[in-house]
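*Asks:* Okay, here's the structure, questions in a sec.
The values are calculated or read from the model by the stated rules, or taken from the named source; none is laboratory data. All values derive from a computational prediction rather than experimental measurement. Every residue, glycine among them, receives a Cβ derived from its backbone with ideal geometry; neighbour counts consider all protein chains shown. Surface accessibility is based on the protein's heavy atoms, side chains included, excluding ligands, DNA and RNA. Shrake-Rupley method; radii C 1.70, N 1.55, O 1.52, S 1.80 Å.
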Amino acid sequence: MVTTSKKLVISGYYGFNNSGDEAVLKSILTALQEESQRSNVTIEPIVLSINPEWTTSMYGVRAVHRMKLKEVREALKESDGLISGGGSLLQDATGLKSIPYYLGVIKLAQWLKKPTFIYAQGIGPVHRKIFNPMIKSVFKSCTYVSVRDEQSADYLRRLGLKWNQIHVVPDPVMGLPLPDTASPVRDEAAPSTAGEQPTHAKLPVIGVSVRFWESDRKELTAIAAGLKKLATKKAVHLRFMPFHLPDDVQASRFIMEMIDDVTSKGSEISITDDLTDPQQMLEEVSRCDLMIGMRLHSLIYAASQYVPPVGISYDPKIDQFLLRLESEPAGNTSSLDGDKFAETVAGLLEHRSQWLKQHEDRITALKQEAVEPAKQIITYLGRKG
């Protein structure tokens, strides 16, 4: 069997020190590699990154600067196609630049007569109607479209895409494997021994991933009140895990300072130390008994490792992911009640084995389905020879 080599440009929110988006990239790269090993197609990725040197160092792939149009154009010209995704690329909740940028990259590839593949994206929210015809035009010219939830698919159908043009698949991070070997993880509670779990390792470990969202920080204040109440009633290890550096470190420390000292009650508090490797963060999450998350991918990391996730919703994408697990958020950032939040966490911690029994089969199915876009892309490229 003759093996052919194909170059694929991969566009997304890469190189920004966001563990979730880096996990998306690592998941896509891993899935493409594994699927190519089952076929006669080998893939040479070219990643568009804000920090190409770091991306190349981290993943061992070629990368070009995402904001240097000449470099992007040259990469697309020599490629055999473009992957756009995954993540929440096409949304205007965080600003007006994201949608034009990512659509522009796809459109440039289409002008260059390259096949374009939408890889498990979460579309929206799109508040400004001016973007709707732009998305419709670009997506109708795509070779393959996959989205990570039914709400994204419904949005595209309302724009005029046919139902059979859209594949609904899990977020690619559901398929991210743990590292082959345990990676040493530094811990502020025990900084002198790399990779060693803190002295409180036998305590139930509750992972916490938070971010700034509400301007008055009321959601973080409620989380702090709930966690303090929990940690004074039951001995636990609160393990803060910043997913987006450095902002999430500041949000984590905001809560840690409000909780103050709970060691007198037998509980402990620690924080991961600047983890940027997504698989090392995944390994950290896998050690938890429970994961509290405002960041979507903290919840996806948890579910993929059969760790019960407790979502705090600030965006429909949190609700949509939990819906796929037949779950719902513990609360919303605009109206979170600290006491009720504490009760939810304590209840899930107590009935953890029951939760796992109810959700294990569904999680396993999502992990298996997460590689479907890679299969479709490799199959298409194989047919093209």
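*Asks:* Any idea of the accessible area per residue across the range 4-169, 1.4 Å probe, to the nearest Å²? Please report the intermediate quantities before stating the final value.
*Replies:* Numbers: 6950 Å² over 166 residues.
Using a 1.4 Å probe on heavy atoms only, each residue of the range 4-169 averages 42 Å².
*Asks:* Hey, another quick one. Enter the mean projected area of the convex hull around the alpha-carbon atoms of the range 205-366, in nm², rounded to one decimal.
*Replies:* Numbers: hull surface 34.0 nm².
Averaging across all directions leaves 8.5 nm² for the Cα convex hull.
*Asks:* Same structure, new question: Over the range 205-366, give the accessible area per residue in Å² for a 1.4 Å probe, as an integer. Present the calculation step by step, with values, prior to reporting the outcome.
*Replies:* On the way: 6280 Å² over 162 residues.
Heavy-atom accessible area per residue stands at 39 Å².
*Asks:* While we're looking at this one, here's another question. Can you spot the aspartates and glutamates whose alpha carbon is less than 15 Å from LYS6's alpha carbon? Ignore those fewer than 8 places along the same chain.
*Replies:* Of all the aspartates and glutamates, those that pass the test against LYS6 - Cα under 15 Å, at least 8 places apart if same chain - are GLU34, GLU35, GLU44, GLU78, ASP80.
*Asks:* Let me ask another. Residue-wise, which Karplus ³J(HN,Hα) couplings in Hz belong to the range 207-216, taking 6.51 cos²θ - 1.76 cosθ + 1.60, θ = phi - 60°, and x for glycine or proline?
*Replies:* x, 9, 10, 10, 8, 6, 9, 5, 5, 8
*Asks:* Same structure, new question: Calculate the dipole size of the range 4-169 relative to its Cα centre from +1 charges on Lys and Arg beta carbons and -1 charges on Asp and Glu beta carbons; express the result in debye to the nearest 20. Write down the numbers at each step before the final one.
*Replies:* Values: 22 positive and 14 negative charges, 148 e Å.
Charge dipole, the range 4-169, about its Cα centre: 700 debye, nearest 20.
*Asks:* Still on this structure, I have one more. Under a cut-off of 14 Å between alpha-carbon atoms, report the aspartates and glutamates in cross-link reach of LYS129, not counting same-chain residues fewer than 8 places apart.
*Replies:* Reachable aspartates and glutamates: ASP92.
*Asks:* Excluding LEU336 itself, calculate the net charge of residues whose Cβ lies under 12 Å from the Cβ of LEU336, where each Lys or Arg counts +1 and each Asp or Glu counts -1.
*Replies:* Numbers: positive: ARG217, LYS218, LYS340; negative: GLU214, GLU219, ASP337, ASP339.
Cβ neighbours under 12 Å give a net charge of -1.
*Asks:* What fraction of the DSSP beta bridges in the chain is antiparallel, stated in percent and rounded to the nearest 5?
*Replies:* Details: 2 of 44 bridges.
Around 5 percent antiparallel, to the nearest 5.
*Asks:* Another question about this same structure. Can you give the log10 of the normalised intensity I(q)/I(0) at q = 0.09, 0.12, 0.15, 0.21 Å⁻¹, computed with Debye over equal Cα scatterers of the range 4-169?
*Replies:* With one equal scatterer per Cα and no solvent, log10 I(q)/I(0) is -0.27, -0.50, -0.80, -1.57.
*Asks:* How would TRP111, TRP355 line up by accessible area, probe 1.4 Å, largest first? Numbers along the way, then the final one.
*Replies:* On the way: TRP111 175, TRP355 25 Å².
Ranked from most to least accessible, the order is TRP111, TRP355.
*Asks:* What is the percent carbon and sulfur in the accessible area of the range 193-347, measuring with a 1.4 Å probe over the protein chains and ignoring ligands?
*Replies:* On the way: 2610 of 5790 Å².
Roughly 45 percent of what the probe reaches on the range 193-347 is carbon or sulfur.
*Asks:* When Lys and Arg each count +1 and Asp and Glu each count -1, what net charge do the other residues less than 12 Å away from PHE243, Cβ to Cβ, add up to?
*Replies:* Details: positive: ARG211, ARG295; negative: ASP21, GLU22, ASP247, ASP248, ASP274, GLU284.
Taking every Cβ under 12 Å from that of PHE243, the sum is -4.
*Asks:* To the nearest 10 Å², what's GLU328's accessible area with a 1.4 Å probe?
*Replies:* 150 Å²
*Asks:* Could you compute Rg(Cα) / (2.2 N^0.38 Å) for the chain, with N its residue count?
*Replies:* Numbers: Rg = 21.1 Å, N = 385, 2.2 N^0.38 = 21.1 Å.
Here the Cα radius of gyration is 1.00 times the empirical estimate.
*Asks:* Can you sort HIS297, HIS351, HIS127 by 1.4 Å-probe accessible area, starting with the largest?
*Replies:* Numbers: HIS297 20, HIS351 90, HIS127 130 Å².
Heavy-atom accessible area, descending, gives HIS127, HIS351, HIS297.
*Asks:* Less than 13 Å Cβ to Cβ from VAL47, Lys/Arg counted +1 and Asp/Glu -1: what total charge do the surrounding residues give? Before the final figure, lay out the partial values.
*Replies:* Values: positive: LYS7, LYS26, ARG62, ARG66; negative: ASP21, GLU22, GLU44, GLU53, GLU71.
With Lys, Arg at +1 and Asp, Glu at -1, the neighbours total -1.
*Asks:* When the solvent-accessible surface of protein heavy atoms is calculated with a 1.4 angstrom probe, in what order do SER353, SER141, SER88, SER146 fall, highest first? Let's see the in-between values first.
*Replies:* On the way: SER353 90, SER141 65, SER88 30, SER146 0 Å².
The most accessible residue leads, giving SER353, SER141, SER88, SER146.
*Asks:* Using +1 on the beta carbon of Lys and Arg, -1 on that of Asp and Glu, and nothing else charged, what's the dipole of the range 115-164 about the Cα centre, debye to 20?
*Replies:* Dipole about the Cα centre, nearest 20: 220 debye.
*Asks:* Treat every Asp and Glu Cβ in the chain as -1 and every Lys and Arg Cβ as +1, leave all other atoms uncharged, and give the resulting dipole magnitude about the Cα centre to the nearest 20 debye. Spell out each step's value before the answer.
*Replies:* Details: 46 positive and 46 negative charges, 363 e Å.
Computed about the Cα centre, the dipole is about 1740 debye.
*Asks:* If you count only protein heavy atoms and use a 1.4 Å probe, how large is the accessible surface of ARG362, to the nearest 10 Å²?
*Replies:* The accessible area of ARG362 comes to roughly 80 Å².
*Asks:* Hey, another quick one. Mind listing the long-range amide H neighbours of PHE240? Cut-off is under 5 Å, sequence gap 5 or more, other chains count too, H placed in the peptide plane at 1.01 Å from N.
*Replies:* Result for PHE240 returns VAL208, SER270, ILE271, THR272.
*Asks:* Related question: I need to check one value: relative contact order of the range 205-366, counting alpha carbon pairs closer than 8 Å and at least 6 residues apart, in percent. Display every interim value, and only then the final one.
*Replies:* Details: 271 pairs, mean separation 42.5, N = 162.
Relative contact order of the range 205-366: 26 percent.
*Asks:* Can you find, among LEU349, VAL145, LEU282, the residue sitting farthest towards the positive end of the charge dipole of the chain, where Lys and Arg contribute +1 and Asp and Glu -1 at Cβ?
*Replies:* It is VAL145, whose Cα lies furthest towards the positive end.
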